[in-house]
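What follows is a set of notes on a single structure, which appears directly below.
The values are calculated or read from the model by the stated rules, or taken from the named source; none is laboratory data. A quick note: this is a predicted structure, and the numbers were derived from the prediction, not measured. We place every Cβ from the backbone using ideal geometry, glycine too, and count neighbours over all the protein chains shown. Just so you know, the surface numbers come from the protein's heavy atoms only, side chains and all, with ligands and any DNA or RNA stripped out. Shrake-Rupley method; radii C 1.70, N 1.55, O 1.52, S 1.80 Å.
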Amino acid sequence: MKKAKRAPTNEDDAVVTEQAKPNHTEKIKSQVLAKIGKPPRLDRVEVSRHNNGKYRVNIWQQPVSDNSIAVTFAPRIGLSYYLTVSETGEIIHSNPPLTKLSGSA
């Protein structure tokens, strides 16, 4: 008895396509920080890949400490960018534009 071959599903196609695309998250992270400078109270930079060369970059910052209250605040997204990136990982377009932060290190 011959086994029937399973027809590829859209999920299978998506996995193959997703693996073929290079991951430029570290390159994007360094480009963003180079263009805007290091934000004050930087906690972390998260880069998430979307489709068609689009990426979302969220820059998390520690809140300003307030000594008059005894509550610890968690990091918050201080800046967020939606980027269009080339196949080599170079930033082509940013919304909002990547501008140098005043007072950044």
request  = Having 1 or more residues that are under 19 Å from Glu26 (Cβ atoms) and in contact (Cβ under 8 Å) with a residue 60 or more places away in the chain is the bar; report the strands (runs of 3 or more DSSP E) wholly within segment 46-101 that clear it.
outcome  = 76-85, 91-95
task = Please enumerate the residues belonging to segment 1-23 that are in a loop (DSSP other than H, G, I, E, B) and either among the hydroxyl-bearing types (Ser, Thr, Tyr) or at pLDDT 90 or above (or both).
result = Thr9
ask   = For the subset of segment 37-65 comprising residues that are over 27 Å from Asn23 (Cβ atoms) and open to solvent by 80 Å² or more (accessible area, probe 1.4 Å), which member is modelled with the lowest pLDDT?
value = Ser65
